[in-house]
Every structure is written in structure tokens, then in C-alpha cells.
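Values in this text are rule-based calculations from the coordinates and carry no lab data. Model, not experiment: these values are computed from the prediction. Counting neighbours? That spans all protein chains shown, and the Cβs are built from the backbone with ideal geometry, glycine included.
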Amino acid sequence: MNDPELIARLQFAFTVGFHFIFPPLSIGLGILLIIMEGLYLKTKNKLYENMTKFWVKIFALTFAVGVASGIVMEFEFGTNWATYSRFVGDVFGSALAAEGIFAFFLESGFLAILVFGWNKVSPKMHFFSTIMVTFGAHLSAVWIIVANSWQQTPAGYHLATYELGGNIFKRAEITDFWAMVFNPSSMDRLFHTLVGSWMAGAFLVISVSAYYLIKNKHIEFAKKGLTISLIVAAFSSVLQLFVGHTSAVGVAKNQPAKLAAFEAHYDSSAVAPLYLFGWVDDKNQKVDLGLQIPGLLSYLIYGDFNAKVTGLNAFDKNDRPPVNLVFQSYHFMVALGFLMIGISIIGLILLWRKKLFENKLILKILVPTVILPQLALQLGWISAEVGRQPWIVYGLLRTKDAFSKTVSSGEVWFSMILFTLIYTLLFILFLFLLDRKIKHGPDDITPSEDIYTDKKTILG
Amino acid sequence: MDLNIIWFVLIGVLLSGYAILDGFDLGVGALHLLVKGDINRRIMLNSIGPVWDGNEVWLVTGGGALFAAFPVVYATVFSGFYIAFMLLLVVLIFRAVAIEFRSKRESKLWRQSWDVSFSLSSILIAFLMGVALGNIITGIPLDSHGEYAGGFFDLLNPYSILVGITTVALFMMHGSIYVVMKTEGELQEKIKGWINNCIIFFVICYVTTTMATLIYIPHMVAHFKEYPLLFSIAILNMLAIANIPREINHKNYFRAFLSSCASIASLLLIFAIGLFPNIVISQPNPEYSLTIYNAASSQKTLWIMLIVAIIGVPFVLAYTLSIYWIFRGKVKIDNMSY
């Protein structure tokens, strides 16, 4: 393991995977906070205020870890992938800078009001801040996914040269900003990620609420929380079916090698099958222990069972991603997606029939569901990014040519070990504090307290 | 209109914004352990509570803008200063986590550990930034491909360490004034007593660094020799520093703080004038230096980014000003505080 580029890839995968736990939670929880605080303003029910305050604390915790691990990502392009940075800076850097100017300032500014401003601003202003923080979180997803999608499906650029120290270098430069922003995959991938993030937030609230109901604690709080989050979860899970499908059709059009790897489709053929599961034997180009539905892949992409789907063999051996990893991560993501649809729909039906809160079995099933969207997000990201290989910028720059030339394997090892230690510690602390916050629960309002507040209002 | 110059200025503005804003909260961190008692330490933390996060965004955006406008500089400096930047990341993470986690448990050991972590990381961040700045001033070895040709320990040269210590001193002075502005009673009196020591510490460092620069780094003063009018900035800088103890004596803490902001801004302006039009000076081969022209993005991108900045910056200023306005006045601890 003395290849610095390989360690740098592992490091990037590890640090971005860790980072990617937190922003989706912020995005999703933001939506739920808007609903909770909106209900508070509408009904003036103190329960919703407590609920908002409780989840704001959790939101702040995930946000903080997200920011800390996010700065690492911004630095890592320059430290580990300097050649890449020189090549794409003109394009990719612009999206990143736009993210900073448009989204980060917005988020951090209103976050201060969201967390610390309860007694400083009016309830309406506070609600506005909640909306703005959530809007900012969505906006930063927009810019970072635009930047990442440009790596998948470059558009709005041309290849140009520049001179430095008597040497000529090649790089990508923007020719059309809007074509860069709305590159062929950016909108599909943005919606796919955002809906996934809503699911991440919703299932966290589902899990905690179900836990309280099982433990017979904070009953009213948990019932209201579960109702809201189940509706959001069911809505976004079903929506994801369509959004995810659109995204896959986009991949077939824009990155056919990636789609072929999703389904281990080697020879271009009509009536292409869709695998439900299987294990890819890349050497012999076949799928072991697989179950396939003939023609379904053709149908899903082109709406026609007889349509021809391009296979991996249409691409040079050096231009193909590692098939089995992409196949497995993609299939598990899809399976998890269906599982979440099933669970949230069943939950919703029971809720409708007023049988949910007493049904200990389903509540017990709901508690661990917080992990499902997290797994699906990670797996989806793996299939998207590993599926892009061997390119770092699809068709333009190979990953192996993108590493920093001046960085040694010793240095990358040093930072790899450093991040492993710190992220492990950070993650343990995060879970520990999250666990304590959840066990502590919302600050309950007792009837006597209520009378006190009422009196105070009457007396002025 | 020269877009390259505009972007040199804009990134300078972003980084000065960062130094002024995060500067005081790093300074508060540096002084944190000197304050005794849990409630006092909570007041220290909560004086920066609602704003430290936003202050750090100036660094993130400055980094993003550097990536966009001068990608060659971004790539060279970040990969060249590899180990130093990794250490910087580690302390940035530790600091963020320390602030966020410290008051979440009652345990004395828990709070004590995070207090130490918060304070040490604040000092180290200021120091590492100063060291990086010092190396940019002296210049670093670059090859003909614009890649860093030195090692990690070359960065720890005496001059850069001196700039590192000066940065810590500057932020401690800046932070102490901020805390005095945000506190009252006993704690305020106590920290007020420290301001003078901080000023003296900073002035000693500042004079030493200035002498070292004049003697050893002639390229930084070339523009000042050529255009003597520029020396007025150095005079303004001295006046701003001298004004601080005067305002403190008159109990005009806010004006003392503004003076401190002005001294940071003018110091960075002097640095930028010395550097211009280079961004990274190559030593010993000055012909390989990265300038605002050979290291820049295309004119089209600089133009697009300028539009982005023109749209975005008024919003940024509006958010920043409103947050400081909403959280003005003395610190109060409530159940949402750190």
C-alpha cells in the first residue's frame, strides 16, 4: 500500500462518506422543523413549541458536525487532488465559491437565530429563520451537486491551455455558465439527493418518536411527532420511486457505462433483463445466483421491452468501472428504497385506522428504521461515484492522473490515520450526545407550569 | 477594468473579513483558560456563541473564492503545505466540536477537557495561519510547474514562526476587547486588566516582525519605496493601534474594538500591497512566482464570479450586520446557551 493515489482515494471515500451522514439529516430535519414550528404558530399549542425546541437542539448537533467535516472536504481537493484542482478550478471552483457566498452565509446567519434567538426575536421572525436555514441547506446541496454533476456529465465548458513557467497545461474553462449549472445530470441528481435527505430526516423523527411510545414516555409529543414524520416519510419515499427512476434513465442516456455496471449488462442487447439480485463474476462476464426479469431494463429505460441497451463490452476495458461493487451498491439502494416505501405506507395505514400507537410490534420495527435512509444514501453515493470510474471528470480526466504530484504516500498515510482516529472519536461522541439528548427527551410542560405561564400573561 | 486585480482585492476582503471576525473569537479562545469558574467560562463561550460559526464561513468562502479565481494558487499552496493544512483541519474540527459539546454534560472532567481543547485549538489555528502567512511573505521554493519544491519543516522557519506568534498576539488583543464589550461586572473588570498586557505583547511582536521584514525581506517594501504615499497606511495602522488603550480608558469599548478591526485590516492591506501582483512568491527562482495573471481562471469565469459576488455580497453583509445587531449587548445565559 505505497500508492499515494490509492490511499488518497480511500481517504476521500472515507471523509466524504462520513460528511455525507450529516448534511442530509440537516436538510431533512429542516423540513420537519418548518412543519412543527408552522403548526405551533398556527395552533399556539405549546407541545409544538417544545417539539421544535427539542429538534432544533438535535439539528444544531448534526449541523455542527456537518460543518466541521465539510471544511475537510473543501481543503482535500487542494491538498490531495491538486492536479484535479488545477484542471477543474475554473469550473468546479466557481460552483464551490457560489455555494459559500449564496448558501453558507445564509445558513450560518439564520442558524444563530434558530438556536439562540428564541428570546431575541418575535415568533414569526424565528419561524422565518427556520425557513431560511432550511432553504440555505437546500441551496448548498444545489451548488455542491451541480459541481459534482459536472464531473459526471461535463457541459458548458471547453478545453483550453494556459502557460506557467514555460510549460503548457490543459484545463477546462467555462463557456456557458448556465449550461454548466444545468448540465445533463445535475437536476436529476439534485432531486434524487434532496428527496433522500427528506427521508433521512423523517426516519430519524419516526425512530425517536416510536422509541418514546414503546418506553411510554412523552406520549403526546411522540404521537404528534410520529404522525408528522410518517407523512413526510411516506410522501418522500413514494416520490423517490419516480425521482430515482428519472435519475436512472438519465444515467442510461448520459453515462451508459455506469448504467451497464448497475445491471452488469455486458453485451449490448435488446430485451435487456433487470436483476433483482445476484453476484457479478466480472471475469466470465456473468451474474451468479441472480434472479432476472427479462426485458424489464429495456422497458424501464425506453418504455419498450425490445429496446436495445448498451452493454459494458461496448466500452474499452480501461473505461469501465468496477462492476460488482457498483452492481451491489445500486441494488441494495433500490431494495432499501422499496423497503422504506413499504414500512412508511404500512405505518400510515395503521395511523389512519388509529391502531399505530398501540401496536408495539410495528413501533419496534420503526425504531431502527433511522439507519435505512442513511444506508441508502451511502450506497447510492457509492454507485454514483464508483460508477463514474475510472474517470474523475467523465471522459476528460482520469482519477489516476488527478492526484497531487508533490504529496508523498507517507503524507497521505499520516492524514489518513489522523482522520480515521478523529472521525472515530467524533462519531462516538456524536452518538453518545445524541443518545443522551434522546433519553433526556423534550422539556415537558406540566399542567402546573401551564397555569403559571397563563397567570403571568394575565397579570402582564 | 482588470478582473484579476479585482479578484485579488476581493479575496483580500474575504480574508480580512475572516481575520477581523474569526480573529476575535479565536482570541476569546486563546484567553479562555485564564478565566476561572464554570459560569465565567460559559459567558466566554456564549459571547461568541451565535457568531463563531458564521465567522468561520468567511474562511470557507475565501477558500472557495481562491479555488475559483486562482486555482493554481489553491492547488499549489494546499498540496504544498500538506501536513500544515492537515494539522489546521484537525484543530478546526476540535475547536468546533469543543464549543458545541462542552456544556452538554455536567461532568467536571468533561468540561475541563473541552475547555483545554477549545483554548489550545484556538491558539494553534491562529499560529498556523500566521505561519502560512509568514511563508507567503518570505516566498517558498516552486518548480517550473508551479509545484511546491520544499518540505514541511522548511515552513517552520524563524520568520514564519515570528509571524505566527504575532498573529496569536494580535487575536488575543482583539479578543480581549471583544469580551470586555460583551461582559459586565467582575469578569469584565478582570479582562479589562488584561487588555494592556495583550496590547504590549502584540506591539513587541509587531515591532520585531516589522524589523525582521525590513531587514530580511526587501521585496515586501519595494512598492512602499516606489510610492511613498503608501506609507500613510502604515501611519494609519499605528494610529489605530495607539487609539485602542485611549478608547479603553474612556470606556468606549465598541470604539476600541473598531480600532482593533481597523488595525487588522490595515496590516493585511500592507501585506497585500507588498505582495502585489504576486500571490505566491517563488524563492529562490522568482521567475516561477504565481501571480494574479498566470495563476488565474479564465477572464470569462472571473467575470461570472464577479457577478456572483455583486449579487451575493450585499446579502452577506445584511446577514452579518443583522446577526450582530440581534445579539448585541451583554451575554445572558439561558437554557439554549452553550
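Rounded to the nearest Å, what's the spacing between the alpha carbon centres of the stretch A:101-117 and the stretch A:203-268? Just the number, please.
27 Å
Treating each Cα of the stretch A:1-155 as an identical point scatterer and ignoring solvent, apply the Debye formula and state log10 I(q)/I(0) at q = 0.09 Å⁻¹.
Log10 I(q)/I(0), no solvent term: -0.36.
What does the net charge come to around A:W279 if you take all other residues with beta carbon closer than 15 Å to its beta carbon, with K and R at +1 and D and E at -1?
-2
Please report the base-10 log of the normalised intensity I(q)/I(0) for the stretch B:141-214, using a Debye sum with one equal scatterer per alpha carbon and no solvent, at each q in 0.14 (1/Å).
-0.60
Cα centroid distance between the stretch A:301-376 and the stretch A:1-57, in Å?
21 Å
Once fully extended, how much extra length lies between A:T43 and A:A335, figured as 0.36 nm per residue of separation less the alpha-carbon to alpha-carbon distance?
Taking 0.36 nm per residue and subtracting the Cα distance, the gain is 101.2 nm.
For the stretch A:157-269, what mean projected area does the convex hull of the alpha carbons give, in nm²?
13.1 nm²
Explain nothing, just the number: relative contact order of the stretch B:1-129, from Cα pairs under 8 Å at least 6 residues apart, as a whole percent.
Averaging sequence separation for qualifying contacts and normalising by length gives 34 percent for the stretch B:1-129.
Determine the shielding of peptide B:147-156 by partner chains: average, over its residues, the number of Cβ atoms on other chains within 10 angstrom of each Cβ.
Partner-chain Cβ atoms within 10 Å, mean over residues of B:147-156: 2.
Give the longest segment of chain B that steers clear of GluC sites (Glu not before Pro) in DSSP loops with at most 16 neighbouring Cβ atoms within 10 Å, not counting the sites themselves.
Segment B:185-338 is the longest.
Gap in Å between the Cα centre of the stretch B:72-150 and the Cα centre of the stretch B:18-36?
What the calculation gives is 15 Å, centre to centre.
Please give every one of the aspartates and glutamates within straight-line cross-link reach of B:K108, meaning a C-alpha to C-alpha distance under 18 Å, and leave out same-chain neighbours fewer than 8 residues apart.
Of all the aspartates and glutamates, those that pass the test against B:K108 - Cα under 18 Å, at least 8 places apart if same chain - are B:D38, B:E100.
What are the aspartates and glutamates whose alpha-carbon lies under 14 Å from the alpha-carbon of A:K253, with same-chain residues fewer than 8 places away excluded?
Straight-line reach from A:K253, under 14 Å: A:D188.
Where in the stretch A:340-384 are there trypsin sites (Lys or Arg not before Pro) that are in a DSSP coil and have at most 10 other Cβ atoms within 10 angstrom of their Cβ?
Loop-located and lightly packed - A:R353, A:K354.
What are the lysines whose alpha-carbon lies under 19 Å from the alpha-carbon of A:K405, with same-chain residues fewer than 8 places away excluded?
A:K170
Expressed as an acute angle from 0 to 90° and rounded to the nearest 10, what is the orientation of the C-alpha long axis of helix B:52-69 relative to the principal long axis of chain B?
In chain B, helix B:52-69 runs at an angle near 10 degrees to the longest axis.
Do any of A:K44/A:K354; A:K53/B:K251; A:K46/B:K36; A:K53/B:K330; A:K124/A:K215 go past 30 Å between their Cα atoms, and which?
A:K53/B:K251; A:K46/B:K36; A:K124/A:K215
What trypsin sites (Lys or Arg not before Pro) in the stretch A:267-327 are in a loop by DSSP, with at most 13 other Cβ atoms within 10 Å of the Cβ?
Here the sparse-neighbourhood loop sites are A:K283.
Do you know the relative contact order of the stretch B:196-338, to the nearest whole percent, from alpha carbon pairs under 8 angstrom that are 6+ apart?
Reported relative contact order: 15 percent.
Measure nothing fancy, just the Cα-based angle from helix B:158-182's long axis to the longest principal axis of chain B, in degrees from 0 to 90, nearest 10.
It is inclined by approximately 40 degrees.
Of the residues B:L14, B:L45, B:L306, which exhibits the maximal mean-square fluctuation in a Gaussian network model of chain B defined by a 10 Å Cα contact cut-off?
B:L306
Can you pull the mean other chain C-beta count within 10 Å for peptide B:311-324?
Shielding by partners across B:311-324 averages 4.
Using the membrane-span-like helix rule (whole DSSP H runs, Cα extent along the own axis of at least 24 Å, mean Kyte-Doolittle hydropathy at least -1.0), which helices of chain A qualify?
Taking the DSSP H segments of chain A (at least 24 Å long, mean hydropathy at least -1.0), we get A:22-43, A:46-80, A:123-152, A:186-214, A:219-254, A:323-352, A:409-440.
For the stretch B:20-27, in order, what is each residue's ³J(HN,Hα) by Karplus, 6.51 cos²θ - 1.76 cosθ + 1.60 with θ = phi - 60°, in whole Hz (x at glycine and Pro)?
5, 7, 5, x, 6, 6, 5, x
Using only Cα atoms, tell me the angle between helix B:71-80 and the longest principal axis of chain B; keep it within 0 to 90° and round to the nearest 10.
Here the helix axis deviates by roughly 70 degrees.
Taking every alpha carbon pair in chain B, what does the distance histogram look like in 20 angstrom bins from 0, in percent?
30, 58, 12, 0
Averaged across orientations, what area in nm² does the convex hull of the alpha carbons in chain A project?
The Cα convex hull of chain A, projected and averaged over all directions, gives 25.4 nm².
Sequence gap at least 6, Cα distance under 8 Å: using those rules, report the relative contact order of chain A to the nearest whole percent.
Taking the mean separation of contacting Cα pairs over the length of chain A, I get 19 percent.
Which listed residue (A:P4, A:L96, A:A68) has the Cα farthest towards the positive end of the charge dipole for chain A, taking +1 on Lys and Arg C-beta and -1 on Asp and Glu C-beta about the Cα centre?
Working it through, the farthest residue towards the positive pole turns out to be A:A68.
With Kirkwood's inverse mean 1/r over C-alpha pairs for Rh, give me the Rg to Rh ratio of the protein assembly as shown, two decimals please.
0.98
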